[in-house]
Amino acid sequence: MSPSQGLKETRHPYTFVSQEGFKELLMVPSAADKALPILPKVAAALKGALVHADGGVFERGLNGLVQLSAVVGPALNTHLKNLLTSLSKRLMDRKYKDGVTSALQKLEQYGGKESLGIIKSKIPTYCSIYS
């Protein structure tokens, strides 16, 4: 792989650089304003990381998803259905269950009331943080 793979990168130091770079880009002033116009592309890139066979790539994608959700909030809801399929599959794996559950709770928290319906439509066993 080349260093242009972003969160899907599997070689050091590119794995570190992609993860830290993603996090830092979301921390700049007015990050939400800058992320919203490119949200479909960012969501597609995150989906690529979330469906990757490498567990480390999946975990970086999951962390990135939560970080993005914290910045753009409910704007991510339109992309959630596409992202939740891979989370649903990893939820069955004991190794990832706690991390995925925590991520789902944060997606619900940052996405507002609408996000719960979207999450439940893809993961019926999910229990709301508000119930």
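Values in this text are rule-based calculations from the coordinates and carry no lab data. Source: prediction; values computed, not measured. Note that we place each Cβ from the backbone using ideal geometry, even for glycine, and neighbour counts take in every protein chain shown.
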### Query
If you take the charge dipole of the stretch 3-122 about its Cα centre, with +1 on Lys and Arg Cβ and -1 on Asp and Glu Cβ, which of ALA103, ILE119, GLY6 is farthest toward its positive end?
ILE119
### Task
Kindly write out, for the stretch 77-88 in residue order, the coupling ³J(HN,Hα) from the Karplus curve 6.51 cos²θ - 1.76 cosθ + 1.60 (θ = phi - 60°), rounded to whole Hz, with x marking Gly and Pro.
4, 5, 9, 4, 3, 5, 8, 6, 4, 5, 5, 4
### Query
Using θ = phi - 60° and the Karplus curve 6.51 cos²θ - 1.76 cosθ + 1.60, what whole-Hz ³J(HN,Hα) does each residue of the stretch 12-27 get, with Gly and Pro shown as x?
6, x, 5, 4, 5, 4, 5, 5, 5, x, 4, 4, 5, 4, 7, 9
### Task
For the chain, with a Gaussian network of springs between Cα atoms less than 10 Å apart, report the residue from SER102, SER115, SER86 with the top mean-square fluctuation.
SER102
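Placing unit charges on C-beta atoms (Lys and Arg positive, Asp and Glu negative, everything else neutral), compute the dipole magnitude of the chain about its Cα centre in debye, rounded to 20. Walk me through the numbers before you get to the answer.
On the way: 17 positive and 10 negative charges, 76 e Å.
Using only the charged Cβ atoms, the result is roughly 360 debye.
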## Note on the structure
Lys and Arg at +1, Asp and Glu at -1: neighbours of GLY48 with Cβ under 13 Å from its Cβ sum to +2
### Query
When we measure straight from the Cα of LYS97, which aspartates and glutamates land under 20 angstrom away, once same-chain ones fewer than 8 places off are left out?
ASP54, GLU59, GLU108
### Query
With a sphere of radius 15 Å drawn around the Cβ of GLU24, what net charge do the other residues whose Cβ falls strictly inside it have (Lys, Arg +1; Asp, Glu -1)?
+2
### Query
Which entry is the computed Rg/Rh (Cα atoms, Kirkwood Rh) for this structure: [x] 1.10; [y] 0.95; [z] 1.06?
[y]
### Summary
Applied in sequence order to the stretch 60-76, the curve 6.51 cos²θ - 1.76 cosθ + 1.60 (Karplus, θ = phi - 60°) yields integer Hz couplings, x standing for Gly and Pro, of 5, x, 5, 4, x, 4, 5, 4, 5, 4, 5, 8, 9, x, x, 4, 6
#### Entry: Under 11 Å, Cβ to Cβ, from ARG60 - net charge with Lys/Arg +1 and Asp/Glu -1
-2
### Message
Between ALA53, ALA45, ALA35, where does the largest GNM mean-square fluctuation fall for the chain, given springs only between Cα atoms within less than 10 Å?
### Response
ALA53
### Task
Quote the relative contact order of the chain in percent (integer), defining contacts as alpha-carbon pairs under 8 Å separated by 6+ residues.
21
